Amino acid sequence: MNDPIFQELRFRNLTVKNRVFRSNISGRFDNEDGSLTQTRINWECKFAKGGVGAIISSYVPVLMEGRIIAGYATVHRDDFIPLWAKLGEAVHSFDAKFIMQLSHSGRQMDLPGIHNQHRPTLSSTSRKEPLHGFLCQAMTKADIERTVRAFAHGAWRAREAGLDGVELHAANGYLFTQFLSSGINDRTDDYGGSLANRARFLLEVIAAIRDAVGRDFHLQVKLSAIERNNVIPWEGKGNTLADSVQVAKWCEQAGVDALHVSTGSLFPHPLNPPGDLPIDVLAATYDVLISSGVYGFRNFLLFRYPLLRPIFRWIWFRMKKGLPFEAISIEEARAIKATVRIPVINTGGYQTASVVREGLESGAFDAVAIARSLVANPDLVEQWRDGSDRPAVPCTYCNKCLVNAPENPMGCYEQARFPSRDAMIEQLMSIYRAKPHLTIPSPAEV
Ligand SMILES: Cc1cc2nc3c(=O)[nH]c(=O)nc-3n(C[C@H](O)[C@H](O)[C@H](O)COP(=O)(O)O)c2cc1C
Ligand code: SF4
C-alpha cells in the first residue's frame with residue numbers, strides 16, 4: 001500500500017494511477033498516409049494491460065514533412081481524430097491514460113519517405129545532419145509560423161480525440177532540439193544566438209497550444225538535459241545542464257504541466273537508449289538507409305566490413321565510459337526537479353523496482369518512463385507489484401529492437417530471451433491480428 005511506485009501522480013489537469021509511464025516507442029505499425037491501424041491499437045493495449053499508469057505515444061508528426069519514417073501514425077488531418085479516439089478508448093479500457101507525443105523531425109530522419117525524398121528538409125540551420133547526412137535548409141519566419149500552427153492544431157486534434165494530454169518532443173535531436181541546441185542552431189535572427197532566442201520557437205509553440213486548447217489540457221515537454229552533441233567529434237557539444245534547467249523553468253512559466261527528462265541531442269545517441277549497439281545487426285538493417293542521406297553509404301561500409309567497425313565503435317562507445325545503463329540521467333532529472341514545481345518524469349534504462357523506488361523517495365523524479373524493459377516484459381509493473389525487484393528474463397539493453405526498427409516489426413529481438421527463434425517471431429507477429437471488419441470498397445470509394 002505504501003510502495004511509492006503505486007501512488008497516484010497528480011498533475012495539474014491529469015491523475016495517473018501509478019508512477020510508471022510507457023515511454024515513447026516508434027514502430028512501423030500504420031499506413032503510408034499517416035492513418036493509424038488496428039496493429040497500433042493492439043501494440044498500445046499490450047502495455048496498458050500490463051499495468052502502466054500512462055502511455056506516452058510514439059513520435060507523432062504534426063505535418064507529413066515532419067516524419068522520420070513512413071508508416072508511423074500522424075496527426076496532421078482532422079479526419080484522423082476518430083482513429084486516435086479509438087486508440088484512446090482502447091487504452092482507457094485498461095485504466096491507463098494516453099498522452100500523444102507531438103513531433104517534427106526537422107533534419108533528423110531515418111527514411112524520409114516521399115514527402116522529403118531528394119529535397120532538403122526544414123531545420124533551424126542549413127548545415128546537414130551529421131550522422132546520416134540529411135540535407136536541410138534554415139526555416140524562414142513564414143515556415144516557423146506555419147509549423148507553430150501545425151503543433152497547435154495537432155494538440156487540438158488530440159484533445160478532440162479525447163486523449164489525456166500531449167507531449168512536445170523537444171529532446172533527442174528533432175526539430176525543437178535543432179532550435180534549442182547551441183551545437184546545431186547557427187541562426188543570426190531572433191531564433192538563434194542567445195539561449196532565450198534559441199528557446200523562442202518552443203515557447204511560441206507552447207503559447208499557441210495554450211491558445212488552442214486552453215489551460216486545462218495536459219501539456220508536457222520532453223527535454224534532453226545534457227546534449228553531448230559531439231558524437232561526431234567535430235560537432236559542438238551543445239547545451240549544458242544549466243541551459244536545460246533554464247529552459248525547463250521557462251517551460252513551467254509558459255504553462256507546461258510536466259517535464260520528461262532524457263539525454264543526448266541525437267537519436268539514437270550513445271547514451272540514449274543506453275546499452276549496446278549491435279553493429280552486426282545494424283549492417284543487416286542499415287541497407288534500407290543507404291540512400292537516405294549523403295553519408296548513408298559511408299555508414300553502411302563502416303558497419304558492413306568487420307575491419308572498419310572499430311572506427312564506428314570508437315566514435316560511438318567513447319562517451320559511455322563509466323556510465324550505468326539503468327537510471328543513466330537520474331542526476332540530470334534531480335537537478336531539473338530541484339528548480340521547478342511541476343512533476344518530472346525521467347527516462348533511461350529503468351528496470352529495477354528498488355532503483356525506481358529510491359529515485360522517487362530521494363526526490364530525483366516523480367515518475368519513470370520506460371521503453372525497452374517494457375518491450376521485453378510488458379507486464380513489468382505487475383511483476384513489481386508481485387514482489388519481483390527485476391524480471392526473471394530481463395531486457396539485456398542489447399538495442400536489437402532499436403536497430404531493427406527501420407526495417408522490421410517492433411518488438412524484442414534478443415533471441416536468448418526466448419525458448420526458440422520461432423517463439424521470438426511469434427511475439428513479433430502477435431500484434432498483427434486480422435480482423436473480420438475489413439470492407440470491400442464501393443466503386444465510388446475506389
Ligand atoms: C525502438 C525505440 C523507439 C523509440 N521511439 C521514440 C520516440 O518515438 N519518441 C521518443 O521520444 N523516444 C523514443 N525512444 C526513446 C525511448 O522513449 C526512451 O526514452 C529511451 O529508449 C530510454 O528508455 P529505456 O531505457 O527505458 O528504453 C525510442 C526508443 C526505442 C528503443
Ligand atoms: S531487443 Fe529486447 S532485450 Fe534487447 S534492448 Fe530491445 S527489448 Fe531489450
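Every read-out reported here was derived from the displayed coordinates using simple, explicitly stated rules and does not represent laboratory data. Remember, it's a predicted structure, so these values are computed and weren't measured experimentally. Cβ coordinates were reconstructed from backbone atoms using ideal geometry, including for glycine residues, and neighbour counts include every protein chain displayed.
Numbers below:
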read-out	value
Those aspartates and glutamates that a straight Cα-Cα span of less than 15 Å connects to LYS46, excepting residues fewer than 8 apart in one chain	GLU89, ASP95, ASP379, GLU382, GLU426
Sequence of SER57, SER182, SER194 once ranked by neighbouring C-beta atoms within 10 Å, starting from the fewest	SER194, SER182, SER57
Total charge dipole magnitude, the stretch 342-441, about the Cα centre, Cβ charges on Lys, Arg, Asp, Glu only, Debye to nearest 20	300
The stretch 225-303, dipole about Cα centre (Lys/Arg Cβ +1, Asp/Glu Cβ -1), debye to the nearest 20	180
Charge dipole (the chain, unit charges on Cβ, about Cα centre) - positive-most of HIS92, VAL60, GLN246	GLN246
Cβ-based net charge around ARG157, under 9 Å, with every Lys or Arg adding one and every Asp or Glu removing one	0
Computed FRET value (nearest 0.05) for ALA338 with THR439, which takes r as the C-beta separation and R₀ as 60 Å	0.60
Simple spin-label estimate for LEU308 and GLU331 in nanometres, 7 Å along Cα-Cβ	3.7
Relative contact order, percent, the stretch 4-429 [alpha-carbon distance under 8 Å, six or more residues apart]	16
Per-pair calculated FRET efficiency, R0 = 35 Å: PHE418 and MET319 via Cβ, rounded to 0.05	0.65
Calculated FRET efficiency for the pair LYS17/GLU89, C-beta based, R₀ 22 Å, to 0.05	0.80
Cα-centred dipole magnitude for the stretch 4-429, charges only on beta-carbon of K, R (+1) and D, E (-1), debye, nearest 20	700
Residues with amide H under 5 Å from that of ILE55, placed H, sequence gap 5 or more	ARG22, LYS97, PHE98, ILE99
Helix-only [θ]222 nm of the chain, DSSP H runs n ≥ 4, -39500 (n - 2.57) each, per residue, nearest 500	-9500 deg cm²/dmol
Kirkwood hydrodynamic radius of the stretch 4-429, Cα pairs, Å	21.3
Which of THR177, THR263, THR147 has the fewest Cβ neighbours within 10 Å, and the rest in rising order	THR147, THR263, THR177
Per-residue Cβ neighbour rank within 10 angstrom, fewest leading, TRP234, TRP250, TRP156, TRP384	TRP234, TRP250, TRP156, TRP384
Reach of LYS249 by Cα under 12 Å, taken over aspartates and glutamates that are not fewer than 8 positions away in the same chain	ASP257
J(HN,Hα) series, the stretch 401-411, from Karplus relation 6.51 cos²θ - 1.76 cosθ + 1.60, nearest Hz, glycine and proline x	4, 5, 6, 7, 3, x, 10, 10, x, 7, x
Using θ = phi - 60° and Karplus 6.51 cos²θ - 1.76 cosθ + 1.60, couplings along the stretch 56-73 (whole Hz; Gly, Pro as x)	9, 5, 5, 3, 10, x, 8, 9, 4, 6, x, 6, 9, 7, 6, x, 9, 5
Whole-Hz couplings from phi, Karplus 6.51/-1.76/1.60, listed for the stretch 34-46; x for Gly and Pro	x, 7, 7, 10, 4, 4, 5, 4, 4, 4, 5, 5, 4
Cβ-based charge dipole, the chain, positive-most Cα from GLY192, ILE315, VAL355	ILE315
